[in-house]
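The structure appears below as C-alpha cells.
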Amino acid sequence: HTWVKLLAILITLTLLFSFLIKGDFKADASFVVQSQETQIVPAPFDGYIEEVFVEPGDVVTPDTVLAKLETIQLESELISSRADYAKAMTEAATAMRDGKISEAQIAQADAEKAQAAIQLLERRIQEAYLKSPVGGTVVSPDLKRRIRGHVAIGDAMFEVSPIDQLRAELSVPEEEIAYVFA
C-alpha cells in the first residue's frame, strides 16, 4: 500500500501548506493619480499665441517660460506712445521757454499720460511671456496646435501640477478590500 500512503502524505502536506503558509494576493484595482493642487496660467490679455515652449508632461521649474503671445501690436503702440511722450516734453519745454505756463502744464499732463501708457505697454509686453508660477508637470492640453490661435483675457492657457503633491485613488472591488494593506 505504498501508493495509498504516499497519496495520504501528499494530501496532508497540501492541506498543511494551504492552511499554514500565507501567500501574496494581488487585488485587481484601477487607479488614477491626481494632483492635489493645480496652478492655472491664464492669458493676461486678448491676443494670439506666437510660440509654445512646452508640451504636456514636461517638467518645469518656477518662472519657466511656457509660451509667448504676439506683441507686434503692443510694440507698435509702445513706439507711438514714446513718440507722443517726446513730442509732449518738447512742447512743454518750448512753452516754458516762451513763458506760456498753462500750455506747458497741458503739455506736461500729456507727457505724463504718454508715460503711463508706456509703462502699461512695457508691462504687457513682459506679461506676453507666460511663466509657470510653480515647479511641476504641465498637465494642460497641447497648445502647439493652437499657434496663431486667438485667446481671450483670463483663458486658461496652461495647468501646472506640483509633483510632490500627488494623490492616488484606487477602485478596489468590495470583496477584495480585506486583502489591501496600507
(request) Only residues that are open to solvent by 60 Å² or more (accessible area, probe 1.4 Å) and of a type in the set (Val, Ile, Thr): list them for the range 149-171, please. (result) 153, 163
(message) Checking residue 146 against (1) under 14 Å from residue 64 (Cα atoms); (2) open to solvent by 80 Å² or more (accessible area, probe 1.4 Å): exactly one of these is not met. Which one?
(response) (1)
(request) Kindly check whether there is at least one residue in the range 104-124 that is over 40 Å from the mean Cα position of the chain (by Cα), exposed (fewer than 15 other Cβ atoms within 10 Å of the Cβ) and among the aliphatic types (A, V, I, L, M). (result) yes
(request) Enumerate the strands (runs of 3 or more DSSP E) found wholly within the range 132-182, keeping only those where 1 or more residues are farther than 30 Å from residue 27 by Cβ and out of contact with any helix residue (DSSP H, G or I) (no Cβ under 7 Å at 6 or more places or on another chain). (result) 136-138, 156-161
(request) Check 124, 97, 146, 167 and return the single one that is out of contact with any Leu (no Cβ under 9 Å at 6 or more places or on another chain) and closer than 23 Å to residue 53 by Cα. (result) 146
(message) For the structure I just gave you, tell me whether residue 85 is within 19 Å of the chain's Cα centre (by Cα) and open to solvent by 50 Å² or more (accessible area, probe 1.4 Å).
(response) no
(request) Scan the range 15-73 for residues that are in a loop (DSSP other than H, G, I, E, B) and either in contact (Cβ under 8 Å) with a residue 40 or more places away in the chain or loosely packed, with under 12 Cβ neighbours inside 10 Å (or both) and report the count. (result) 27
(message) So in the range 117-131, with the set limited to residues that are out of contact with any helix residue (DSSP H, G or I) (no Cβ under 9 Å at 6 or more places or on another chain) and assigned to a helix (DSSP H, G or I), which one is farthest from residue 57 (Cα to Cα)?
(response) 119
(request) Please tell me if residue 178 is surrounded by 12 or more Cβ atoms within 10 Å (Cβ to Cβ), small (Gly, Ala, Ser), without any contact (Cβ under 8 Å) to a residue 24 or more places away in the chain and out of contact with any strand residue (DSSP E or B) (no Cβ under 6 Å at 6 or more places or on another chain). (result) no
(message) Given the criterion at pLDDT below 85 and closer than 30 Å to residue 41 by Cα, identify the matching residue among 141, 173.
(response) 141
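The values are calculated or read from the model by the stated rules, or taken from the named source; none is laboratory data. Keep in mind the model is a prediction, meaning the values are calculated, not measured. Every residue, glycine as well, gets a Cβ built from its backbone with ideal geometry; the counts of neighbours run over all protein chains shown. Please note that ligands, DNA and RNA were not included when accessible areas were found on the heavy atoms of the full protein model with its side chains. Shrake-Rupley method; radii C 1.70, N 1.55, O 1.52, S 1.80 Å.
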